[in-house]
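Read the structure below first, then the notes.
The values are calculated or read from the model by the stated rules, or taken from the named source; none is laboratory data. Model, not experiment: these values are computed from the prediction. Glycine also receives a Cβ, built like all others from the backbone with ideal geometry; neighbour counts cover every protein chain displayed. Keep in mind that these areas ignore ligands, DNA and RNA; they rest on the heavy atoms of the full protein, side chains included. Shrake-Rupley method; radii C 1.70, N 1.55, O 1.52, S 1.80 Å.
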Amino acid sequence: MVSSIRPLRDDQDRLERVLEASGLGLWELDVETGDFHVDERCARNLGYDPARLQASWDTGVAIIHPDDAIRVSRIFEAHLRGDTPLLAYETRMLTQDRSWTWVAGCGRLVRGPDGRPTHVSGTLKNIDAERGARRTLLLAERERRRLARRLRHQALHDPLTGLANRRNFEHALAALLRSARTEGRRHALCYLDLDHFKVVNDSCGHAAGDDLLRRLPALLAPHVRAGDTLARLGGDEFAVLLRDCALEQAARIAGALRDAIRDFRFAWQYRSFAVGASIGVVEINAASQGAVSVLGAADAACYVAKDQGPNQIHSSGPHDLAIARRRGELRWVARLKTAIEESQFRLHFMSIAPLAGGPPSHHELLLRLADGGGELVLPGAFLPAAERYQLMPLIDRWVIARAGAMLGGAVRRQPALTRQRFGINLSGESLRDPQLPEFVRDTLARHALPPSMLYFELTETAAVANLGAAAALMHGLRGLGCTLALDDFGCGMSSFTYLKRLPVDLLKIDGSFIREVLRNPVDQAIVRAVLAVGAQVGIPTVAEYVETDAIRDYLHAAGVHYGQGYAIARPAPLEDFPGAALKHPGSVPIIGQIPRRTPR
């Protein structure tokens with residue numbers, strides 16, 4: 001008998017330990033009488049004296065939160081009817097200190113030998129801490145999802161305008177290209193570049209520019225259809241992907257976008273600005289080559305529109321000559337950059353001689369490009385692209401660096417070469433380069449070259465268009481000891497007055513007045529006027545395009561001091577300069593920083 005009692009007591013002890021460790025309390029409800037009994041652990045879970053809770057069912061319901069009481073009662077009733085095999089509920093219950101705590105209850109209906117319900121036995125556990133932990137985890141998960149959505153939005157949208165960013169745009173463009181190829185659908189792309197945006201940035205600062213960009217979505221969105229993609233690609237460049245849209249309809253939408261921006265007035269600190277936009281439109285169809293090709297075509301169309309003036313639209317078709325020309329220029333840009341980096345340019349010289357006779361002392365340096373096959377490309381083929389894409393300042397510096405290296409080495413071998421003057425042409429873009437005199441000074445010092453050996457030629461048109469910058473640059477170069485020539489002089493007779501502000505040492509009469517000077521009285525009159533101006537300010541004159549002996553004799557009789565042209569001397573490689581033993585120096589460093597704008 002003793003042996004049978006001990007295992008029972010052991011089982012009871014184990015049960016007590018398990019209940020204690022789990023935090024579970026026991027309770028029992030007598031179905032017939034409604035008496036409600038709890039053990040000590042159950043009472044402790046609620047902070048009550050166990051005797052306090054040894055009462056009726058109504059007493060137990062009284063400490064259930066009012067918002068939960070009806071729900072819990074229905075759960076018990078359903079279990080007593082046999083609708084649910086297991087009783088399980090969570091509710092808030094009133095504790096001894098009059099606060100509410102969450103508990104979890106679990107129980108099962110017990111039936112007598114006759115099958116009638118006798119009582120319900122179960123457990124009760126305080127889950128306030130667990131529920132708090134679950135709520136904390138739930139809130140943390142919600143926050144994680146919110147942050148994930150926010151990060152995804154940030155990854156796909158421009159932070160300044162809230163529009164789709166370039167990555168988002170590229171995904172949308174790829175989807176349209178797939179549908180065009182697989183389903184034969186037609187879409188369109190509008191590439192939009194703001195006109196005069198730089199004026200706002202430069203005059204009012206970047207804060208004003210950012211504010212202008214933030215206002216654009218509200219201007220553009222009403223003219224974009226649902227399902228289309230409006231994106232900011234960077235800077236002041238935007239794009240609109242138009243789904244299932246023919247080129248003609250896309251052009252109309254582009255017109256509405258252009259008009260909305262054109263009619264908008266941006267106000268900033270009592271100032272008002274008109275902005276405007278240039279838009280390129282291309283179709284996306286089954287023949288489209290790919291995202292890079294489509295975007296490049298739209299960019300090229302936008303550039304063509306910008307060339308036509310402000311607030312223009314260019315719709316590009318399959319045989320667009322303007323786009324073909326633009327792409328050709330872009331190929332030149334890539335080639336010219338390679339030529340600069342790998343020193344593929346070559347220098348030639350063309351001498352300028354006194355018309356009265358005698359050996360030449362001035363020699364204009366001319367630029368050629370080696371094509372890789374032994375042929376030389378003349379500048380007329382590549383300079384337009386270099387000027388359009390602001391590569392001329394870099395090319396000008398290459399010429400200065402190359403001339404300095406070649407002449408500096410020759411002077412050390414032939415000191416008499418210092419009596420010669422070599423002219424370098426400067427582009428209009430270089431006139432706005434305030435660091436150019438410093439670059440020239442560094443080049444002269446690097447190669448121990450006398451400044452008097454270099455003179456710089458500026459066209460009259462560029463000098464007049466940038467008079468202040470031209471005057472500052474010319475004074476800076478003159479201060480180094482270099483001399484200056486004003487090229488193509490006489491194109492604008494009204495510009496004669498500007499000569500008083502420019503420190504010029506030589507006037508070169510534009511060749512257009514020389515070719516027909518023997519037969520054209522107007523050209524003769526202009527040549528006489530230039531000579532009179534030169535004589536008045538004490539500046540010698542040079543006539544370009546002296547192609548025949550008859551022209552040379554006429555100009556000499558008219559009083560022109562120097563001539564340049566095939567009747568004087570033909571261009572030749574600088575390495576072949578007489579008696580100088582000039583050597584090709586290979587690549588030369590182009591030191592200094594050059595303010596320039598890269599092509600879009």
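Structural remarks
- Summed residue charge, Cβ within 12 Å of SER288's Cβ, Lys/Arg positive, Asp/Glu negative: +3
- Within the straight-line cut-off of under 19 Å between alpha carbons, the aspartates and glutamates reachable from LYS125 are GLU16, GLU20, GLU28, ASP39, GLU40, ASP49, ASP68, GLU90, ASP97, sequence neighbours fewer than 8 places apart in one chain being disregarded.
- Treating r as the C-beta distance of LEU219 and GLU28 and R0 as 56 Å, the FRET efficiency rounds to 0.15.
- Calculated accessible area for the chain comes out at 50 Å² per residue, all protein chains present (probe 1.4 Å; ligands, DNA, RNA ignored).
- Inter-label distance, LEU151 to TYR566: 7.2 nm, where each label sits 7 Å from its Cα along the C-beta direction.
- Sequence ranges 142-154, 102-114, ranked by mean other-Cβ count within 10 angstrom, highest first: 102-114, 142-154
- Carbon and sulfur %, accessible surface of the chain computed with the full protein complex present, 1.4 Å: 54 percent
- Here the calculated FRET efficiency for ARG142 and ALA226, from their Cβ-Cβ distance with R0 = 35 Å, stands at 0.75, rounded to the nearest 0.05.
- Accessible surface ranking that places the most exposed of LYS337, LYS125 first, with a 1.4 angstrom probe: LYS337, LYS125
- Segment ALA471..ARG327, full-extension length gain: 48.2 nm, with 0.36 nm per residue of separation and the alpha-carbon distance subtracted.
- Kirkwood Rh (inverse of mean 1/r, distinct Cα pairs), the range 261-304, angstrom: 12.7 Å
- Where the Cα pairs of the chain fall when distances are cut into 10 Å bins, in %: 3, 12, 15, 13, 11, 10, 8, 6, 5, 5, 5, 4, 3, 1, 0, 0
- Applying 0.36 nm per residue to the separation of SER99 and ARG501 and subtracting their alpha-carbon distance, the gain on full extension is 135.5 nm.
- Kirkwood's formula applied to the C-alpha pairs of the range 238-331 gives a hydrodynamic radius of 14.3 angstrom.
- Pair GLU170, ALA256: separation of 7 Å Cα→Cβ label points (nm): 3.0 nm
- At full extension, ALA448 and ALA287 could sit 52.0 nm farther apart than now, given 0.36 nm per residue minus the alpha carbon distance.
- Placing unit charges on the Cβ atoms only, positive for Lys and Arg and negative for Asp and Glu, gives the chain a dipole magnitude near 680 debye about its Cα centre.
- Note on LYS500: aspartates and glutamates with a C-alpha under 20 Å away, same-chain residues under 8 apart excluded, are GLU457, GLU460, ASP487, ASP488, ASP510.
- Helix-derived mean residue ellipticity, 222 nm - over the chain, DSSP H n ≥ 4, -39500 (n - 2.57), to 500: -14000 deg cm²/dmol
- Residues SER343, SER512 ordered from highest to lowest accessible area at a 1.4 Å probe: SER512, SER343.
- Calculated FRET value between LEU160 and LEU378, using beta carbons and R₀ = 45 Å, to 0.05: 0.45
- Contact order normalised by residue count of the chain, Cα under 8 Å, 6+ apart, percent: 9 percent
- Largest to smallest in accessible area, the residues TYR303, TYR389, TYR270, TYR562 fall in the order TYR270, TYR562, TYR303, TYR389 (1.4 Å probe, all protein chains included).
- Nitroxide proxy distance, nm - points 7 Å out along Cα→Cβ at ASP202 and ARG519: 4.5 nm
- If both residues of a DSSP beta bridge must be in the chain, then about 70% of such bridges are antiparallel.
- In degrees, nearest ten, helix 206-220 long axis to first principal axis of the chain (Cα): 70 degrees
- Only protein heavy atoms count here; on that basis, with a 1.4 Å probe, SER427 has an accessible area of about 20 Å².
- Peptide packing: for 326-334, 189-197, 459-467, 272-280, the average count of neighbouring Cβ atoms within 10 Å per residue gives the ranking 189-197, 272-280, 459-467, 326-334, highest mean first.
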